[in-house]
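Comments concern the structure below.
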Amino acid sequence: MEASAMSSDARQLVRRMFTELWSEGKFNVADEIFAASYINHDPSSPDFGTGAEAEKQIVTLYRNAFPDLQFTIEHMIVAGDFVTTRFTARGTHNGEFRGIAPTNRLVAVEGTVVNRVSKGLITERWVMWDALGLMQQLGVVPALENTKDQASKGKHTSLTDSDPGIR
């Protein structure tokens with residue numbers, strides 16, 4: 001298969017992940033697009049192990065909390081075995097999420113995902129998304145503007161103030 005055809009296939013595979021699995025909740029798609037040895041590297045999500053079943057658990061966690069979850073692909077680049085995607089995820093917090101009771105707030109977060117594709121399957125993924133922004137939108141972490149305001153009203157200290165050994 002020539003490189004442009006492989007590139008197109010990899011792009012479509014990742015698009016199916018965002019559209020059919022994550023946005024539409026079609027869990028059977030995971031069995032079609034993830035390798036049995038698939039590994040997810042996402043420091044902001046629980047580790048459910050490997051393979052399609054692990055991905056289904058992650059999708060379930062987020063879709064239960066945000067039942068109307070929708071992903072928009074903002075940009076996608078294919079280079080060799082890697083598909084890098086910048087996305088925006090939107091949804092309403094209508095279900096419990098990692099101990100946070102439903103807030104009924106509409107949230108939007110951005111992120112970037114690098115998927116490695118081999119033999120027509122997603123074999124590995126590295127995810128970085130705005131988990132702090134999500135927590136701020138849910139109201140469980142103060143927004144940065146509020147934190148700045150609070151800091152400006154109090155005494156500012158630095159490391160050199162608290163430890164005379166640091167200069």
### Task
Could you tell me what fraction of 2.2 N^0.38 Å the Cα radius of gyration of region 3-162 comes to, as a two-decimal ratio?
1.21
### Task
For region 52-95 and region 8-23, write down the distance between their C-alpha centroids in whole Å.
10
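What does the extension gain come out to for residue 104 and residue 74, with contour length at 0.36 nm per residue minus their alpha carbon separation? Present the calculation step by step, with values, prior to reporting the outcome.
Working: separation 30, 0.36 × 30 = 10.80 nm, distance 2.54 nm.
Stretched out fully, the residue 104 to residue 74 stretch lengthens by 8.3 nm.
Any read-out appearing in this document is the output of simple, stated calculations on the displayed coordinates, not a laboratory observation. Quick caveat: nothing in here was measured; it's all calculated off a predicted structure.
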